[in-house]
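> One structure, as structure tokens, below. Some questions next.
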Amino acid sequence: MRKLRIGVLGSGKGSNFRAIREAIATGQIEAEVAVVVSDVEGAGILQLAEEARVKNTTVTDRRYKTRLSPEVEAELVAILKQANVELVVLAGYMRMVKTPLLDAFPRHIINIHPSLLPKFPGLESWRQALAAGEKIAGCTVHYVDAGMDTGGIIAQAEVPVRPGDTAETLHARIQLEEHRIYPEVVARFARRELP
């Protein structure tokens, strides 16, 4: 069976990209990362891609902070299609995905979010969970749709909120679970068990 070709979109350090790459290297995932695209020049995820000898580029749009214009998002789609990407993996990608990308990869765009959706969509959800006095936080892998963290849930992992937790300590434990369940979900795609 041929390997699943993945395109990774990210805006930050790329810790989930690293976890997926490691799972590929150890044989947990029968896939290859075809391209990494960031909307932030010089982002850590691009440096990780460079070190892993994975094709990488930047596609940004200074007109908007939370999304790409349809024209620029169409450029992103062209890059992914040129790399024969089958699954788009959002790894800390901080822009909303809109029609050009959603139409190009229906039910083949996934994201990981640091809360137990549908609770606490949006930014810094671990802080939202602490402020709300939650006893359990966690993370969710979900399909991406046009809403903010509203797509169908694929997998979740719970993380207990401990007495004395700070935003930083809780977030660090949530990320450990992210790095466990995100590769597991990508592996399910690679085995053709999803969508």
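> Multiplying the sequence separation of E32 and Q47 by 0.36 nm and subtracting their Cα-Cα distance, what value in nm do you get?
Full extension of this stretch gives 3.6 nm more.
> Below 8 Å between Cα atoms, with a sequence gap of 6+, how large is the relative contact order for the stretch 45-195 in percent?
Result for the stretch 45-195 is 17 percent.
> Across 10 Å bins from the origin, how do the percents of Cα pairs in the stretch 25-99 run, short distances first?
Bins of 10 Å from zero give 17, 52, 26, 5, 0 percent of pairs.
> Could you work out [θ]222 nm for the chain from helices alone, using -39500 (n - 2.57) per DSSP H run of at least four and dividing by all its residues? Round to the nearest 500 deg cm²/dmol.
Computed ellipticity for the chain at 222 nm equals -11000 deg cm²/dmol.
> Can you give the extra length, in nm with one decimal, that the chain gains between R2 and E22 once fully stretched, where that is 0.36 nm per residue apart less the Cα-Cα distance?
5.3 nm
> Hey, with R₀ at 22 Å, roughly what FRET efficiency would L176 and E124 work out to, going by the Cβ-Cβ distance, to 0.05?
Computed FRET efficiency for L176 and E124: 0.80.
> Measure of size requested: the Rg and Dmax of the stretch 4-190, with Cα atoms as the atom set and Å as the unit; please supply both.
That works out to 15.9, 49 Å for Rg and Dmax.
> Still on this structure, please answer the following. Compute the long axis of helix 15-25 from its Cα atoms, compare it with the longest principal axis of the Cα atoms of the chain, and write down the angle in degrees, 0 to 90, nearest 10.
Approximately 60 degrees, to the nearest 10.
> Say each of K55 and A78 gets a label point 7 Å from the Cα, pointing the same way as Cα to Cβ; how far apart are those two points in nm?
1.4 nm
> Among 29-39, 100-110, how do they line up by average Cβ neighbours within 10 Å per residue, starting with the highest?
Ranking the peptides 29-39, 100-110 by packing returns 29-39, 100-110.
> K98 to R162: FRET efficiency via 1/(1 + (r/R0)^6), r the Cβ-Cβ distance, R0 25 Å, to the nearest 0.05?
The calculated FRET efficiency here is 0.05.
> Please identify, among P163, P183, P114, the residue showing maximal mean-square fluctuation in a Gaussian network model of the chain using a 10 angstrom Cα cutoff.
P163
Values quoted throughout were computed directly from the atomic coordinates according to the rules given, and no laboratory measurement underlies them. Not measured: the values here are computed from a predicted model. Positions of Cβ are generated from backbone atoms using ideal geometry, with glycine treated the same way; all protein chains shown enter the neighbour counts.
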